[in-house]
Amino acid sequence: MAEPRRMSGLVSELSAEFAGTMILILFGCGVVAQVVAGGALTDPAGGLGDHDSIAWAWGLGVTLGVYVAARLSGAHLNPAVTLSLAAFKGFPWSKVAPYAAAQTAGAFVAALLVRWNYSEALAKADPGHTFKTQTVFSTLPANGNPALPVHEWGAFRDQVIGTAILLLLIMAITDLLNTPPGSNMGPFIIGLVVVAIGMAWGTNAGYAINPARDFGPRLASFITGYNTAWRDQYGNLYFWVPIVGPLVGGLLGAGLYKGFVGRFLPSAVPEPPGRTPAPTD
């Protein structure tokens with residue numbers, strides 16, 4: 001019996017980006033729903049609760065999503081990554097918009113699943129579907145805490161810096177001319193990068209560092225009852241911050257890697273230590 005014909009080209013790549021980003025958001029938004037809804041029911045302040053579990057689940061979500069999609073699409077899972085690879089690594093510009101759309105669609109579908117699964121808990125914790133649980137789906141300045149004086153431009157600065165760190169490290173980890181992780185460990189190391197960013201850069205803006213991760217779930221929350229999804233707790237139009245900030249930061253971080261490290265690396269992959277060079281005759 002003939003082997004089933006493979007989907008070829010862009011369709012298979014977009015399918016992989018959709019699936020990988022969906023896995024990322026299922027774990028990411030899922031853990032925030034668990035912590036926020038559960039915390040609101042047991043803690044009158046309704047705080048974010050266990051920050052470390054959130055950081056670890058987002059990082060593991062990235063790792064697992066990359067393992068899902070890497071073979072077919074390279075597992076960008078993030079429009080900021082796609083844009084930066086087009087600018088600095090030769091990724092085709094014609095694929096940037098389709099990749100971003102597939103990533104956003106995967107995030108949107110995953111957020112709908114989280115919203116559906118946690119509908120009873122979210123309704124109990126926050127009957128009015130307010131900023132109290134909006135952070136399950138999308139980011140806000142200071143994670144929605146009005147006691148911290150962080151507004152949209154402070155959050156924008158934060159997103160530029162956080163995504164610059166992310167892309168600088170992704171470029172380093174995946175650069176074959178540098179010292180990339182062996183034995184298919186790259187996705188795990190990138191996941192640890194996201195954990196570290198979450199632990200070090202999460203307060204000011206919730207470390208979206210990914211336009212699809214924020215916009216897809218934000219749209220899902222809006223159509224399921226969160227009427228203030230596009231604004232922050234101060235009433236300012238906010239949804240653009242975790243879109244534009246990461247795109248700018250990604251380009252900045254990838255450019256810094258190329259400028260400070262990449263251009264000084266050898267032009268060919270070095271031989272592994274102890275390996276006998278191949279004969280040239």
Worksheet item: Going out from 0 in 5 Å bins, what whole percent of all Cα-Cα distances in the stretch 172-221 drops into each bin?
Response: 5, 17, 18, 18, 17, 14, 8, 3, 0
Discussion item. What is the angle, in °, between the Cα long axis of helix 10-42 and the longest principal axis of the Cα atoms in the chain? Nearest 10 is fine, range 0 to 90.
Written reply: 40 degrees
Item to complete: Name the lysines eligible as straight-distance cross-link partners of LYS124: C-alpha to C-alpha under 25 Å, and not fewer than 8 places from it in the same chain.
Response: LYS132
Worksheet entry | For q = 0.11, 0.15, 0.16 Å⁻¹, Debye-computed log10 I/I(0) when each Cα of the chain counts as one equal scatterer | -0.62, -1.08, -1.20
Item to complete: Take the alpha-carbon centre of the stretch 126-171, take the same for the stretch 57-77, and report the distance between them in whole Å.
Response: 22 Å
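Please give the calculated 222 nm ellipticity per residue for the chain, where each DSSP H segment of at least 4 residues contributes -39500 (n - 2.57) and the sum is spread over every residue; nearest 500 deg cm²/dmol? Working shown, then result.
Numbers: 10 runs with 169 residues, N = 281.
The helix-only estimate for the chain comes to -20000 deg cm²/dmol at 222 nm.
Relative contact order for the stretch 68-212: what percent, with Cα pairs under 8 Å and sequence separation of 6 or more? Numbers along the way, then the final one.
Values: 118 pairs, mean separation 41.9, N = 145.
The normalised contact order for the stretch 68-212 reaches 29 percent.
When ligands, DNA and RNA are left out and all protein chains stay put, how many square angstrom of accessible area per residue does the chain have with a 1.4 Å probe? Show your work: numbers first, answer last.
Values: 13560 Å² over 281 residues.
Per residue, the chain has an accessible area of 48 Å².
Measure off, as a whole percent, the carbon and sulfur share of the 1.4 Å-probe accessible area of the chain, all protein chains present. List each step's numbers first, then the result.
Numbers: 8930 of 13560 Å².
Within the chain, the accessible surface is 66 percent carbon and sulfur.
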Worksheet item: With axes computed from alpha carbons, what is the tilt in degrees of helix 96-117 against the longest principal axis of the chain, rounded to the nearest 10 within 0 to 90?
Response: 40 degrees
Worksheet entry | Straight-distance crosslink candidates among lysines, where the alpha carbon sits under 27 Å from LYS89 and sequence neighbours closer than 8 are dropped | LYS258
Worksheet item: In degrees between 0 and 90, to the nearest 10, how far off the longest principal axis of the chain does helix 211-222 point, with axes built from Cα atoms?
Response: 30 degrees
Worksheet, complete the sentence: Both in Å, the radius of gyration and Dmax of the C-alpha trace of the stretch 136-236 are 15.9, 49
Item to complete: Give the range of the longest stretch in the chain that excludes all trypsin sites (Lys or Arg not before Pro) found in loop regions by DSSP and having at most 15 other beta-carbon atoms within 10 Å.
Response: 90-274
Practice prompt. List the residues whose amide H sits under 5 Å from the amide H of ARG231, counting only those 5 or more places along or on another chain, with H placed 1.01 Å from N in the peptide plane.
Written response: TYR238
Item to complete: Would you work out the relative contact order for the chain, in percent, from Cα pairs under 8 angstrom that are 6 or more residues apart?
Response: 25 percent
Discussion item. Residue by residue through the stretch 75-89, what is 3J(HN,Hα) from phi via Karplus (6.51 cos²θ - 1.76 cosθ + 1.60, θ = phi - 60°)? Round to whole Hz and write x for glycine and proline.
Written reply: 6, 6, 6, 6, x, 5, 5, 4, 4, 5, 5, 5, 6, 10, 10
Discussion item. Limiting things to C-alpha atoms, what are the Rg and the maximum Cα-Cα separation (Dmax) for the stretch 92-176, in angstroms?
Written reply: 17.1, 51
Response to the item:
Most fluctuating of MET185, MET199, MET22 in the GNM of the chain (C-alpha, under 10 Å) is MET185
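The values are calculated or read from the model by the stated rules, or taken from the named source; none is laboratory data. Small disclaimer: the values here were computed from a predicted structure and weren't measured. Cβ coordinates were reconstructed from backbone atoms using ideal geometry, including for glycine residues, and neighbour counts include every protein chain displayed. Heads up: the accessible areas ignore ligands, DNA and RNA and are worked out on the full protein's heavy atoms, side chains in. Shrake-Rupley method; radii C 1.70, N 1.55, O 1.52, S 1.80 Å.
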